[in-house]
1. Restricting to segment 158-314, what percent of DSSP beta bridges are antiparallel, rounded to 5?
2. Cross-link list K44/K178; K268/K301; K158/K277; K209/K301: which exceed 25 angstrom alpha carbon to alpha carbon?
3. Among F101, F68, F262, which one shows the biggest mean-square fluctuation in a GNM of the chain, springs joining Cα atoms closer than 10 Å?
4. Calculated from the structure, Cα extents along the principal axes in Å equals which of [x] 98, 41, 39; [y] 61, 46, 41; [z] 81, 44, 41?
5. From zero outward in steps of 10 Å, how is the percent of C-alpha pairs of segment 271-389 spread across the bins?
6. Indicate, rounded to the nearest 5 percent, the antiparallel portion of the DSSP beta bridges found entirely in the chain.
7. If you average the C-alpha positions of segment 342-363 and of segment 59-136 separately, how far apart do those two centres end up, in angstrom?
8. Let's see if you can work this out: charge +1 on each Lys and Arg Cβ, -1 on each Asp and Glu Cβ, no other charges. What is the dipole magnitude of segment 242-376 about its Cα centre, in debye to the nearest 20?
Amino acid sequence: MTSEELRQYRVNLFRDATSMERVPDRLPHLSNFWTWQILDMGYKFSEATHDYDVMEKVMLGFHERYGFDAYQETGIRNPQRVTETLGDSIYVIDDEKELFFLQDHSYLETSEYDELIANPSKFVWEKVLPRKFYKFRPDMDPQLMVNCVKENQLFWTKAFERNNKLAQMGVPGLISPKNGFASLGIEYLFSGLRGIRGISLDMRRVPEKVRAACSALDSISAEPVVQNLMRDVPGPDTGYCFDMLVAILAHTILSKQQWEMFYWPPLKRIIDEVVAKGKTIQLFIEGSFLRFAEYFQDYPKGHIAIQIESDDILEVRKAFPNCCVIGGMTSKLLSKGTKEECIDHVKYLVDELGPKGFILGQDKMMSYRVDAKPENVLAVCEYVQNMKF
């Protein structure tokens, strides 16, 4: 196959699996490897995040070695050089201990909810950014913002170049840029403004303020995505594996009542429009999600693919019979098992889940060296690439 034929072949693997009606030519294999890639390619975290040529070597070298069908991460998650132009990043990078993590943080006081609700964009510019970046001040040198814009342009230019080179190797883009990524207001409060502790307290003490804040934030994040979907032509973008993506994390601290109040309304609005337009959506879920299965069971097959983390994939298949499931390969097995055990587990998953509606992936964001043995990853990749349904 030519690189373009291979790229389209891989897209079709994902599209066929998501349809839940068609049998893919073989099992599609999605990489959920993140910073593990950097270490596996022999670099330090800070080297790859601060040198775009190194990041390109990481991504291209990783694909040459393993040959996944598509990638959740292609080096765009951590724009360290962009954020550092305005002050310290909220990420901690320790190359000696091989640590890379996000600190819990809060840029919103409970007393400021009304201000956020009244004008979320204004609040972000006037309150959040100065608290997040110590150089971002009314009296700052304008050249700092110029430098930030230039660095951001360079970051995305290099990202597009990297993805184009992957495409020339037959690697498809995971998400169509026509609809892209939607971030919900509750997620922004959870991970961007209040932090885990803060939002947990607020949902109990001032739930109506939280709901109004979610609605205000949705108006500038989720709602534009819905409007874009409504304007888009019906049918999937067959040049990509999925039409859009929503990352789901804040649910991990929500009861069902809180889910219905803060999360489900905007997410339902997005999924309803995805289905109405005949498109597909990937739900990238962290933590356990089984308790919310009832909210998804009335949707027709062929539109939703759920990437799971903590839940058992066989239980997810039973609970979400109308959704394609992504996952199944555990980090425990990849890190502690043998090559033979890993391959046997893939065979077991295929036997149990069948050839329809299943995409093989890892059960967590693979970040550290201990998360997997390279020889196990390679064995699974080679087995999948040579199998046929």
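1. If I count the DSSP bridges inside segment 158-314, around 0 percent turn out antiparallel.
2. K44/K178; K158/K277; K209/K301
3. F101
4. [y]
5. The distribution over segment 271-389 is 13, 42, 32, 12, 1, given as percents.
6. DSSP beta bridges in the chain are roughly 15 percent antiparallel.
7. Cα centroid of segment 342-363 versus Cα centroid of segment 59-136: 34 Å apart.
8. In total the dipole reaches around 180 debye.
The values are calculated or read from the model by the stated rules, or taken from the named source; none is laboratory data. Here the structure is a predicted model, which means the values were calculated and not measured. Don't worry about glycine lacking a Cβ; one is built from the backbone with ideal geometry, like all the others, and counts go over all protein chains shown. Accessible surface is based on the protein model in full, side chains and every heavy atom, while ligands, DNA and RNA are left aside. Shrake-Rupley method; radii C 1.70, N 1.55, O 1.52, S 1.80 Å.
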